[in-house]
Amino acid sequence: MESLSSRTKILIGLGMFVSIIVIGVTGYMLIEDDNFLNALYMTIITISTVGFGEIHRLSAGGKIFTMILIISSFTTYAYALTTISTHFFEGQLQFFLSGNRNKSFSKMKNHVIICGYGRNGLQVAKELKAHNHQFVVIDQIHEAIFDNFNKSNGFIEGDATQDEVLIKANIKSAKALITTLPVDPDNLYVVLTARALNPDLEIISRASSESSEKKLRMAGVDSVVMPERVGGAHMANLVTNPDVIEFMDHVSVHGDDPTSLEEFECPEMGKDGHVKTIGEYAIRRKTGANIIGFKSSDGSYILNPKPDTKVMPGAKLFVLGTPDQIEDMKDTLKRDD
């Protein structure tokens, strides 16, 4: 019973509750020749064991039926009442009835699909929310995320390894998929399924071993993250380069930080035939933002690019600055293009 979903448990509880009432009403109407209201009254006071008096003296058959009804309703009534009331007071019944669980994501475009809502999945969702990215969470136990559910995004209760679940999340129109399931084979299966459904999808996967990392890359993963490796390196750097780590914390990519590092793609630059350089745009002088990195259209990276670096169409700029400075930089690039 523990493996059943919350929706199934609610439906079973409601079904059992209704069934015991129907049996009770039918029995009293047939055995005692009661009308519907009296039969319903006798059924309710019997299964709830409130101890109210009988409407009339019961026949021998009625007494036997009442005893059977009391005994048979102990487990049935208790399970139904407990299941329904638990979900109601936790607010989950409202969530179930509101249709959010079956929300359609067919109109969602360029969103991110998060498979698994454990510690890693929760952190991914927080980061995407901070950057105002739309996302859909897929997990098999919705109670784990109900309190943190973001109504502007969505949640699907299901198995991310199944085609129909990923299709429900509109994977064909998604920008990326991040799978953070705790078991590497599950992540591998999600990757294979997702890549078959959307060959152009950017896929990022969690891995717990180097052998799994190799298999995931062979399956078509664009990026593999090993939390243990990242966490260990971070802890070591706190010893060897503590000030560098603290500095990076102040210039991280978190959306709520006062100073952030962002990437900006420039697809419209150079249309007039003249390819400008970083120096010609004078980003720092005009906006105060700093271009600390550059990715050329062929995929090569340049750290701390020189002013004479040409900004070709399809290039990316890595900019450090406040949100206002970065917005000014985007406006400057558009005006000077």
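Readers should treat all values here as calculations from the given coordinates under stated rules, not as data from a laboratory. The shown structure was predicted, so the numbers you read here are calculated from the model rather than taken from an experiment. Backbone-built Cβ (ideal geometry, glycine too); neighbour counts: all protein chains shown.
Along Cα→Cβ, 7 Å out, is where each label goes; now give me the distance between the ones at Ile12 and Thr322 in nm to one decimal.
5.8
What distance in nm separates the two pseudo spin-label positions at Glu210 and Ala196, each 7 Å out from Cα along the beta-carbon direction?
So the label points at Glu210 and Ala196 sit 3.1 nm apart.
Show me 66-74, 226-234 ranked by packing, highest mean number of other Cβ atoms within 10 Å first. Don't skip to the answer; put the middle values down first.
On the way: 66-74: 14.4, 226-234: 12.0.
Those peptides, ordered most packed to least, come out 66-74, 226-234.
Tally Lys/Arg at +1 and Asp/Glu at -1 over every other residue whose Cβ is under 11 Å from the Cβ of Arg57; what's the total? Kindly include the intermediate steps, with their values, before the conclusion.
Values: positive: Lys63; negative: Glu32, Glu54.
Around Arg57, the charge tally is -1.
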